[in-house]
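Structure, as structure tokens:
The values are calculated or read from the model by the stated rules, or taken from the named source; none is laboratory data. What you see is a predicted model; the values in this text were computed from it and never measured. Using ideal geometry, Cβ is built from the backbone for each residue, glycine included, and neighbour counts are taken over all protein chains shown. These accessible areas exclude ligands, DNA and RNA; they are computed on the full protein's heavy atoms, side chains included. Shrake-Rupley method; radii C 1.70, N 1.55, O 1.52, S 1.80 Å.
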2 protein chains.
Amino acid sequence: MKQIGVGLLGFGTVGAGVADGLQRNRKVMAQRLGVDVVLKQIADLDIATDRGVSVGQAVLTTDAMAVINDPEIQVVVELIGGTGIAKKLVLAALNAGKAVVTANKKLLAEYGEEIFGAAERNGVDIYFGASVGGGIPIIRVLREGLAGNEIQSIHGILNGTCNYILTRMENEGLPFGEVLDAAQKAGYAEVDPSLDIDGFDTAHKAIILASLAYGFHVPMEKVLVEGIRNLAGLDVQYAAEFGYRIKLLAVVKRDGDEVEVRVHPTLVPLTHMLASVSNVFNAAMVRGDLSGDTLYYGRGAGREPTASTVIGDIGDIARNLMAGKSRYRRGVGVANEGQLRMRAADDIVSRYYVRLMVHDKAGSLGVMTTILGQHGVSILAATQKAQPEEMENAGYVPVVILTHAAKGAEIDAALREICAAGVLKEEPVKLRMI
Amino acid sequence: MKQIGVGLLGFGTVGAGVADGLQRNRKVMAQRLGVDVVLKQIADLDIATDRGVSVGQAVLTTDAMAVINDPEIQVVVELIGGTGIAKKLVLAALNAGKAVVTANKKLLAEYGEEIFGAAERNGVDIYFGASVGGGIPIIRVLREGLAGNEIQSIHGILNGTCNYILTRMENEGLPFGEVLDAAQKAGYAEVDPSLDIDGFDTAHKAIILASLAYGFHVPMEKVLVEGIRNLAGLDVQYAAEFGYRIKLLAVVKRDGDEVEVRVHPTLVPLTHMLASVSNVFNAAMVRGDLSGDTLYYGRGAGREPTASTVIGDIGDIARNLMAGKSRYRRGVGVANEGQLRMRAADDIVSRYYVRLMVHDKAGSLGVMTTILGQHGVSILAATQKAQPEEMENAGYVPVVILTHAAKGAEIDAALREICAAGVLKEEPVKLRMI
């Protein structure tokens, strides 16, 4: 049976998972693919630490360029992360005519054009299935399964750390800070959690999904990004009382010639499939013009789920190499640059959840609803909540308003005017609804 | 741009959807695939009826063989259904060297070996993504995305008619017959619904999934098949009270050298993702040794979702033809014939829900639990239910028992002995739990 040689760059958590999986399932893969995929070399600066997977000593090296230039290696797998050395090595591998697999979302979100350009120029495959959704084949689905669809929208829960925190906030009624502490202790959140909880990890993934769906690169500065750092337990509780669960969603959506790419905490109705996605699990709901709503669910991170997708990509490349031809050199599927444009945040239409801490005096509610109406924001539901214990007798009560669809500019103008009317104790809370 | 010609056999609901989708999204597909996919010919006995999609008159023909033999057509799409003329035409197309796309689960479940053999012999692609799960790319995921995994289990809701009936039975407390009538009137169930409600449609799909996961053909007579025809509203209600929802599941599972393939109504905990799949939607949960649990959800039938998957398959073949090589000639991924064997129904281990209509006299419950224990069946929970209105004063009460995992042979022997003990008014009801 013909062999395809694989070289890994990076022997961390995922690298060890890929090495283990390639060795453990080598036989079943060979039966499925008709080609023997062999792990030839692993490069890492640290080749002494035990990673819990047994590989021959000859397989380990500290010389990444030796792996890239090894004539027995046709597929180079980058699992270093970041945009420094990883970028250099990915470009070197592509320029050496090697097919590349990477799980590096930051690299693709920031330097996708350069990376894909190098793959194209060299006529080699680049696969990046594990860059979004870990063990969930969402990239594959967009590239292939739904290739015959106009993609109407994608709604994704793409960060396990945030989803874990939100699940515990809701289930146990805990405040954000306390759950974050626990998540850090349990290893579910980084020591510096900002990339996750401020939404940028999710935004990197949204950019990659948008490029696949709509064929052009979206720069990070055009993405509306709100994280969960400031989410109050009170709003999680009130959302639940209205029949909603708050999730950090990536939203990618087309409307005419405009595309929206945004990340924010979002109220999802309990009956929606995405509301059932809890703890560290991820999911993406994709609506195609033909397929209708489809959903993909699984573990969005972790050694083995990520390895599963990386190995699936390696398998695809092995099939391509057997056919003597690369299949995927581009990240983007459609070249729509210039035809589609990003919608400005002010023009994005959404339903809103608004919480206002209102002076408990006659007429306050009337003032607010009148102002909302004047700005074209119509009200779906409004409730004056019981006074939370800690603010008893403070003379303020929480009022929660769910709105019908309104433009960003409209709701913002209305809230500015409500603030100016002097009926509020603190800044209003504004969350989007799905 | 190079062209790939497509010929459709069958211009029914799905055929019209594929024709429409191919024309509507031709440009976006060309951009994504780098090849222009052109609908060349459609064969049907009836080319007069308006299908709500405009195709040139020259495209329509009553001569299926002319489509197969058209030198401008490289991909033949069979959407006739059944195992008569469809089988003949699929074999003719493969023997003429044409790649084939089919959505025909019955054909593959019954004659898969013959069809895949012909594709192999002729060195041409055969794709069948829409044969299981309609718009859900479950076949693609098993063939490609999870290719690096040992598949540990698949649990699927694969029949929209049954899921619609079960959803309404639970939500509205209606009996099976009444919902079936309504479903037939609404067009969600066939005039002869037996293929759906007796579980055989689901079993055909389970056979195809099993062949992809485990690499051998499972004959229908070795599949344990129970439908939902005899499901009582009372059990739907009791299951809900215990926190479960009843779904018709296809279960495909490996344990050592043994494989289980079965279809039956199953109690699924409300917290399980599959419990959230309602109405006509389908979903499959696949557990891989690396990926862990993953789930795929969407519309399992209908004109456009099915067309979405058929067109995705056509797109893949177009990519393959551009590379000058076929990729998928076999239905099965692994040749495990002889290494794996089917597990006998008696040896299948499951948790059970048992409802017994018991003589309302002292000692009855003791008799039953003793007998269960003697057969190695241990009890997780047991409740004596209030007497349903219609059997008031009849001297019988429903007792519901949830068991721990037990072998099929053990639970059956225990229930036989309980029947013989003369404490029951009617045959026991036995349902499996996930």
Checklist entry - If the viscosity is 1.567 mPa s and the temperature 4 °C, what translational diffusion coefficient in µm²/s does Stokes-Einstein give for segment A:1-44 when Rh comes from Kirkwood over Cα pairs? => result 121
Checklist entry - Per 10 Å bin, what percent of the C-alpha pairs of segment B:345-433 does each bin hold, from zero upward? => result 18, 53, 24, 5, 0
Checklist entry - Which value at 222 nm does chain B reach when only helices count, each DSSP H run of 4 or more adding -39,500 (n - 2.57), with the total divided by all residues and rounded to the nearest 500 deg cm²/dmol? => result -10500 deg cm²/dmol
Checklist outcome for this item: Given a Förster distance of 25 Å, the FRET efficiency implied by the Cβ-Cβ spacing of A:Gln384 and A:Asp346, rounded to the nearest 0.05, works out to 0.25
Checklist entry - If one takes the longest principal axis of the Cα atoms in chain B, at what angle in degrees, from 0 to 90 and to the nearest 10, does the Cα axis of helix B:105-122 lie? => result 40
Checklist outcome for this item: Net charge near B:Arg303 (other residues with Cβ under 14 Å of its Cβ; Lys, Arg +1; Asp, Glu -1) is 0
Checklist entry - Using a probe of 1.4 angstrom, how much of the accessible area of segment A:138-299 is carbon and sulfur, in percent? => result 46
Checklist entry - Would you list B:Lys40, B:Lys185, B:Lys2 from the most to the least accessible area, probe 1.4 Å? => result B:Lys185, B:Lys2, B:Lys40
Checklist entry - In square angstrom, rounded to the nearest 10, how much accessible surface does A:Lys407 have for a 1.4 Å probe? => result 90
Checklist entry - Expressed as a fraction of 2.2 N^0.38 Å, the rule-of-thumb size for a compact globular protein of N residues, what is the C-alpha radius of gyration of segment B:59-154? => result 1.15
Next on the checklist: Modelling each spin label as a point 7 Å along the Cα-to-Cβ direction, I'd like the B:Asn95/B:Gln57 distance in nm, to one decimal.
Outcome noted: 3.5
Item to check | Residue-count net charge about A:Gly84 - beta-carbon cut-off 13 Å; Lys, Arg +1, Asp, Glu -1 | outcome: +1
Item to check | Cα centre as origin, Lys/Arg/Asp/Glu Cβ charges: segment B:195-284 dipole, Debye | outcome: 200
Checklist entry - Taking the Cα centre of segment A:345-433 as the origin, how large is its charge dipole in debye, to the nearest 20, when only Lys and Arg (+1) and Asp and Glu (-1) carry charge on their Cβ atoms? => result 220
Next on the checklist: Net charge within 15 Å of B:Tyr188 by Cβ-Cβ distance, Lys/Arg positive one each and Asp/Glu negative one each, not counting B:Tyr188 itself?
Outcome noted: -3
Checklist outcome for this item: Row for the protein assembly as shown, column shape: gyration tensor on C-alpha, a ≥ b ≥ c, rounded if a/c < 1.5 i.e. under 1.5, prolate if a/b over b/c, else oblate; value rounded
Item to check | Check: chain A dipole with +1 on Lys, Arg Cβ and -1 on Asp, Glu Cβ, in debye | outcome: 1280
Checklist outcome for this item: segment B:360-415 and segment A:119-149 have their Cα centres apart by a whole-number Å value of 53
Next on the checklist: Within segment B:16-53, list the residues whose amide N lies under 13 Å from a label point set 7 Å along Cα→Cβ of B:Glu72.
Outcome noted: B:38-42
Item to check | In nm, spacing of pseudo-spin labels at B:Gln3 and A:Asp192 (7 Å Cα→C-beta vector) | outcome: 5.7
Checklist entry - What FRET efficiency comes out for the pair A:Ile47/B:Lys88, r = Cβ-Cβ distance, R0 = 45 Å, nearest 0.05? => result 0.15
Checklist entry - Taking both sides together, what accessible area is buried at the A/B interface, probe 1.4 Å, expressed in Å² and rounded to the nearest 100? => result 4800
Checklist entry - When all protein chains stay in place, what accessible area (Å², nearest 10, 1.4 Å probe) is found for B:Asp316? => result 0
Checklist outcome for this item: Put A:Asp257, B:Asp198, A:Asp347 in order of accessible area, largest first, probe 1.4 Å, and you get A:Asp257, A:Asp347, B:Asp198
Item to check | Exposure ranking of B:His155, B:His404 by accessible area [1.4 Å probe, largest first] | outcome: B:His404, B:His155
Next on the checklist: What value in Å³ per residue do you get for the convex hull of the alpha-carbon atoms in segment B:5-76?
Outcome noted: 80
Checklist outcome for this item: Taking only the alpha-carbon atoms of segment B:138-299, the convex hull volume per residue, in cubic angstrom, is 110
Checklist entry - Picking from A:Gly312, A:Gly117, A:Gly34, which is most flexible by a Gaussian network model of chain A using Cα springs under 10 Å? => result A:Gly34
Checklist entry - Any idea what angle helix A:176-186 forms with the longest principal axis of chain A, computed on alpha-carbon atoms, 0 to 90 degrees, nearest 10? => result 20
Checklist entry - With r defined as the distance between the Cβ atoms of A:Ala323 and B:Lys425 and R0 fixed at 60 Å, what FRET efficiency is calculated, to the nearest 0.05? => result 0.35
Next on the checklist: Treating chain B as a set of equal point scatterers at the Cα positions, no solvent, please give the Debye-formula log₁₀ I(q)/I(0) at q = 0.07, 0.08, 0.09 Å⁻¹.
Outcome noted: -0.39, -0.50, -0.62
Checklist outcome for this item: In degrees rounded to 10, the 0-90 angle between helix A:85-95 Cα long axis and the longest Cα principal axis of chain A is 50
Next on the checklist: Rounded to the nearest 5, what % of DSSP beta bridges with both residues in chain A are antiparallel?
Outcome noted: 65
